[in-house]
Amino acid sequence: MQVRRTVRDLRRHNRSVLLSSLYLGEPQSRQDLGRSSGLSQGTVSNVVGELIEEGLVVEAGLVDSDGGRPRTLLRVNPGYTHVVGVDVGETGTRVEVFDLAMRPLATSYHPLPSARPDPAAVVAQIHEGLGEVLREAAVPTDEVLGIGVGVFGTVAQGLEATVHAQTIGWEAVPLERMLRAGTALPIYLENGAKTLGQAELWFGAGRGVQHAVITLVGSGVGAAVISNGAITRGVTSSAGEWGHTCIVFDGRPCRCGSRGCLEAYVGAEAVLDRWKAARGGRALPGTDEQTSLAELLSDGGVVAERVLAQTAGYLGAGLANLVNLFNPERIVLAGWAGQALGARLLPQITAAAEERALRHPYGQTSIQLGQLGVDAVALGAATLPVADLLARGAAPGKPAVRLDAPA
């Protein structure tokens, strides 16, 4: 049955198109917006006028035109509102507050109390971090658009999001409900690999790409699969559990309870465990996973180099599987451990991938390192309320929070 669009629907669509073009692109003139959006200049002028009046769009200087009057450039106003991004990693909780240009204004970090944390303890950390960053940045809660949370495990979306994190014993944890009990702000919950993927897609190594796989290699391993510019989620939002694809039948035990998973070979915990075993069980240098992995990468000894060569091979095999399965134009190796391993081993990793992938799809793919560093998951989480804002064309009539001076 054909759905009839109302005037309100059309107006919302036009606002969404123009806002998205301004937010995800460079500053543009009204004429540029008309060409890029396909909307008439009259429609562009009317919608832009509304957005400027509401404070969501501001002027960003002038640019010379071909033989005519200079054109006024427009951009989304960074001071219109703020967003909060939360990265619930496997070792700690990072909370950050951003302006609408995604500039970080304050950050809070708390280590998790254990390797299998109680959900209530994680929620308490998030609420504590939220209070800390808003106080530090002097941002009142009524100037916050929403809170995005990137979390380990599978996030099942529904009337309320629940988290299934098999590796730490979480089953259908009602994390969204638990978070809402401590704040009136809108909550957006998603898997951390997917929030990292959205960050790299919007602002980093995936920008401008329609078909990509953004990988997250940390303690755990995951991926965001991008198809036609959008993240693939699957039936229950668990698509992208790359770390739990099997690369060695009946191989090393994985934290998920299976054996031979990719995560059991290239996740930071697994890499360090293999190094410890290769050292005859001697304790590793370093105080945590990050410092121990840095020690491994800088060791230079025969044992360390053998472990790193094996790790590059396993990672390359895993990337080859992504090439063969999804035929992406770009694969991004990201996550704190992925960045560290890639900075040292990318030529070996890509050589292993090329050896194991089908020649034709591999020839269409580039493998790059992520560009956004340790903040990528929190940054991507903070884009979740922004994505909602862009999709609905903002709230008509919503007053500006703070007008920035034009750039």
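The values are calculated or read from the model by the stated rules, or taken from the named source; none is laboratory data. Keep in mind it's a predicted model, so treat the numbers as computed, not measured. So basically every Cβ, Gly included, is an ideal-geometry build from the backbone, and we count neighbours across all protein chains shown.
Among the numbered conditions (1) modelled with pLDDT under 95; (2) farther than 26 Å from A60 by Cα, the only one that N321 does not meet is (1).
Contact annotation: residue pairs with Cβ atoms under 6 Å, 6 or more positions apart or on different chains, pairing a residue in region 313-328 that is in the same structural domain as C261 (by TED's automatic domain parsing) and in a helix (DSSP H, G or I) with a partner that is at pLDDT 95 or above and hydroxyl-bearing (S, T, Y), are Y314/Y265; V323/Y362; V323/T365. Being outside the structural domain of N191 (by TED's automatic domain parsing), out of contact with any Cys (no Cβ under 8 Å at 6 or more places or on another chain), outside any loop (DSSP other than H, G, I, E, B) and at pLDDT 90 or above is a property that does not hold for V97.
Across region 35-90, which residue is nearest to M102 (Cα to Cα) among those that are outside any helix (DSSP H, G or I) and among the basic types (K, R)?
The qualifying residue nearest to M102 (Cα to Cα) is R75.
Every listed requirement among (1) in contact with a helix residue (DSSP H, G or I) (Cβ under 7 Å, 6 or more places away or on another chain); (2) buried (at least 19 other Cβ atoms within 10 Å of the Cβ); (3) closer than 20 Å to D388 by Cα is met by N77 save one, (1). Contact map, region 239-263: first residue closer than 21 Å to S227 by Cα, second residue buried (at least 21 other Cβ atoms within 10 Å of the Cβ) and acidic (D, E), Cβ cut-off under 8 Å, separation 6 or more or different chains; pairs are G243/E263; H244/E263. Checking each residue in region 19-34 for being free of Cβ contacts under 8 Å to residues at least 40 places away in the same chain and either touching a His at 6+ places or on another chain (Cβ under 7 Å) or assigned to a helix (DSSP H, G or I) (or both) picks out S21, D32, G34. The condition of being in contact with a Leu (Cβ under 7 Å, 6 or more places away or on another chain), crowded, with 24+ Cβ neighbours inside 10 Å and under 20 Å from A264 (Cβ atoms) holds for only one of G222, G218, that being G222.
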